[in-house]
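Taking it in order: structure first as structure tokens, then the write-up.
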Amino acid sequence: MLDPTRPSDAPPPLAAPREIAPPPGGVTDSERTSPGDTGPAASDAEVSGGPLPHTIGLLTPRVGGFPDTLWEGTPGARVADLLAVLPVGTTSPVMADLRRRLLLSVQRAPVGLDTLDLLRTRLDLLAAAGASADDIMALAAPVGRDARVDRLRLRALLVDADDRRACALARSVRARYPDPIWEKATIHCDLLDGRRDAALLGLSLLREMGADTDASGGRAFSLLVERLAGLNSPAPDRMAGATPVAWRLLRRLPDVKAPPDAVDPSAPWTARALALAEQGGPPTVRAAAAETAAAAGAVSLETLGAVWAGLAIDSRDLETPVSQVVQGGTARARALAYAILFRETNPTKLAEGLLYPLETSRARTPGLYPTHARLYAPLIRDIPVEPRVPSLLGEAAGRALYTAGALEAGRAWLHRLEAQGRAGDTDAEDAAALVWPLARLADPAVGDAVPTDRLAYWRQARAARLGGASHSRETLDRDHVVLLSLLEALGADIGEAHWLPVRTNRVFVEALTVTGGHTAPDDLAALEQASAAGRLGETVALVLNALGPDGPAGASLETLRGVIRGLRSVGLDDAARRVAVEAFAVDGPPES
């Protein structure tokens with residue numbers, strides 16, 4: 001029997017969620033100005049304690065950062081162009097991690113780019129991506145008063161509901177900047193202090209300035225202020241154009257239904273703001289916000305688990321079979337499935353239940369599968385490996401563990417499946433064959449060789465899974481090509497014997513190689529040059545841009561090969577393996 005008390009690294013069922021691990025992030029060109037966050041041009045900055053230091057950042061190589069020379073050899077204008085299109089709304093964990101390291105690493109500005117301009121851009125990206133207020137405030141610490149930096153500080157503090165520091169900032173700079181966001185922040189602070197009349201007076205002044213219309217993004221803010229002041233105003237039906245102050249007000253009104261656009265996947269900070277709501281809120285909104293934020297790297301997996309496990313759920317729903325729950329297809333249904341399994345203390349029932357959310361995620365929401373695999377990995381580890389693992393969960397659990405980067409647990413699971421297979425358990429034997437490719441991609445301990453017999457066992461088991469449908473052979477050959485291409489990019493010695501099973505379908509192989517999935521030829525050509533020259537920062541930025549909006553799972557083989565080789569050229573072998581795993585875990589890139 002399992003101990004009903006989860007281990008220390010698991011989220012408590014009903015705890016108020018708080019960010020535990022600092023999140024990664026990035027932002028696309030269209031997202032550099034997030035909803036309603038258009039401010040005036042930055043003023044001349046004041047610097048805290050003298051000139052800006054030559055290197056600024058939070059992460060050193062000892063704690064996961066890149067060397068401070070990461071932009072060496074890349075012209076400043078090129079760096080600015082690369083950061084201007086850096087993606088943020090993707091759901092790839094490896095992309096989120098690379099983004100975070102790129103933006104938070106201690107670094108010196110390249111030739112041709114001012115240190116303050118680079119810092120402002122990094123802060124822009126991090127804030128729009130939903131980085132924690134602590135990270136934003138720490139990175140901005142060398143800068144004193146600056147309109148753009150102060151606005152980013154305010155946004156981060158409001159998103160994290162750090163009202164004490166947000167209000168202190170707003171009141172200290174309110175008279176300095178003409179931007180209406182500072183008046184709005186002061187109104188929020190007046191309401192917190194019980195100064196209702198002052199808040200309503202401030203709202204009247206904003207209306208006289210024309211700052212409460214839909215066009216200015218102020219309508220939602222005005223309605224929320226009036227409700228918090230006790231007036232019977234309607235709830236806003238849209239948040240488009242609103243400033244972060246409006247999201248903070250919305251978070252203070254748990255009974256108000258959030259408008260459909262309140263959670264914007266292209267602006268992960270909106271999802272973070274609602275996911276961390278201290279007063280709860282509608283379960284449907286919080287479930288979706290937490291999932292969106294976690295997938296984009298705006299909150300940790302621990303936070304997602306805490307939100308989902310702690311949602312207000314009818315006790316009768318907890319008795320619903322998980323196989324039925326996952327058919328709902330919504331974030332709330334996925335949250336309910338997790339809440340049920342999180343509370344399960346019987347290992348057998350837990351194993352039976354885990355199969356459904358894992359396989360449903362992979363089939364229906366492949367972009368979210370890496371996030372769900374990481375979320376469920378601790379529950380899989382709760383299932384005893386000895387004396388045997390449940391064969392029915394064998395492939396699904398092994399895939400999830402390797403996708404989550406839980407290599408030690410993955411090894412134990414795979415070894416047990418192989419042992420059961422040798423003892424005559426054919427289901428375990430097939431599961432081991434199907435997990436082996438992910439183990440080979442993810443785990444350096446598996447070795448460099450690609451035994452042709454292991455490849456043949458995988459192909460046989462995969463063919464049995466696909467069945468006799470008309471497209472089964474094409475799908476099998478596609479998977480074969482994807483696997484060998486990824487292994488070859490990782491440095492494996494792939495020869496004619498490995499390709500032999502797909503030689504009869506060579507036309508399909510060649511077409512898939514060229515046209516399957518997202519390809520950005522210019523980015524790939526630039527990536528090859530940058531990585532060959534050892535320009536680390538440029539290589540990482542080009543990797544993120546080249547992979548495209550759907551990440552590794554939606555990239556072409558040409559893209560995947562270029563990205564993996566580029567990462568390996570600059571010594572980022574672990575990231576290269578993670579790209580390969582994410583691409584293969586959901587059956588590789590889409591067909592053309």
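The values are calculated or read from the model by the stated rules, or taken from the named source; none is laboratory data. Owing to the predicted nature of the structure, the values given are computational and were not obtained by experimental measurement. Here the Cβ positions follow ideal geometry from the backbone for every residue, glycine too, while neighbour counts run over all protein chains shown. The accessibility values were calculated without ligands, DNA or RNA, using every heavy atom of the protein model including side chains. Shrake-Rupley method; radii C 1.70, N 1.55, O 1.52, S 1.80 Å.
To put it simply, the accessible area of the chain at a 1.4 Å probe is 51 percent carbon and sulfur. Residues whose amide H falls under 5 Å from that of ALA555, counting only those 5 or more places apart or on a different chain, are HIS518, with hydrogens built in the peptide plane. Any chance you could give the angle, 0 to 90 degrees and rounded to 10, that helix 196-208 forms with the longest Cα principal axis of the chain? Around 90 degrees separate the two axes. Shape descriptor for the stretch 400-449: Rg over Rh equals 0.97 (Cα atoms; Rh from the Kirkwood inverse mean 1/r).
Computed about the Cα centre, the dipole magnitude for the chain is approximately 720 debye when only Lys and Arg (+1) and Asp and Glu (-1) carry charge, each at its Cβ. Around the Cα centre of the stretch 315-469, unit charges on the Cβ atoms of Lys, Arg, Asp and Glu (plus for the first two, minus for the last two) sum to a dipole of about 440 debye. Taking the square roots of five times each eigenvalue of the Cα gyration tensor of the stretch 296-337, the equivalent ellipsoid has semi-axes of 21, 12, 7 Å, listed largest first. Binning the C-alpha pair distances of the stretch 285-366 at 10 Å intervals from 0 yields a P(r) profile of 18, 53, 27, 1 %, listed from the shortest bin outward.
Surface exposure of the stretch 150-248, expressed per residue as accessible area with a 1.4 Å probe, stands at 41 Å². Take the stretch 315-469 with all the other protein chains still there, run a 1.4 Å probe, and you get 43 Å² of accessible area per residue. Ordering LEU455, THR186, THR284 by Cα displacement along the dipole of the chain toward the positive end leaves THR186 in first place; charges were set at the Cβ atoms of Lys, Arg (+1) and Asp, Glu (-1). Protection proxy ranking for 419-429, 258-268, 54-64, using the average of other Cβ atoms within 10 Å per residue and placing the highest first: 258-268, 419-429, 54-64. Residue ranges 527-539, 225-237, 324-336, 178-190 sort as 178-190, 527-539, 324-336, 225-237 when ordered by packing (mean number of other C-beta atoms within 10 Å per residue, highest first).
Between the Cα long axis of helix 426-442 and the first principal axis of the chain there is an angle of about 50°, rounded to the nearest 10. Only DSSP H runs of four or more residues enter the estimate; each adds -39500 (n - 2.57), and after division by the residues of the chain the mean residue ellipticity at 222 nm equals -17500 deg cm²/dmol.
Take the Cα pairs of the stretch 315-469, get the Kirkwood Rh, then feed it into Stokes-Einstein at 25 °C and 0.890 mPa s and tell me D in µm²/s. Approximately 153 µm²/s, per Stokes-Einstein. Proximity of backbone amide H atoms, modeled 1.01 Å from N, is registered between GLN107 and ILE56, GLY57 at under 5 Å, excluding neighbours fewer than 5 places apart on the same chain.
Computed over the chain, the percent of Cα pairs more than 42 Å apart is 26. Once both axes come from the Cα atoms, what is the angle between helix 369-381 and the longest principal axis of the chain, in degrees from 0 to 90, rounded to 10? Once rounded, the angle reads 70 degrees.
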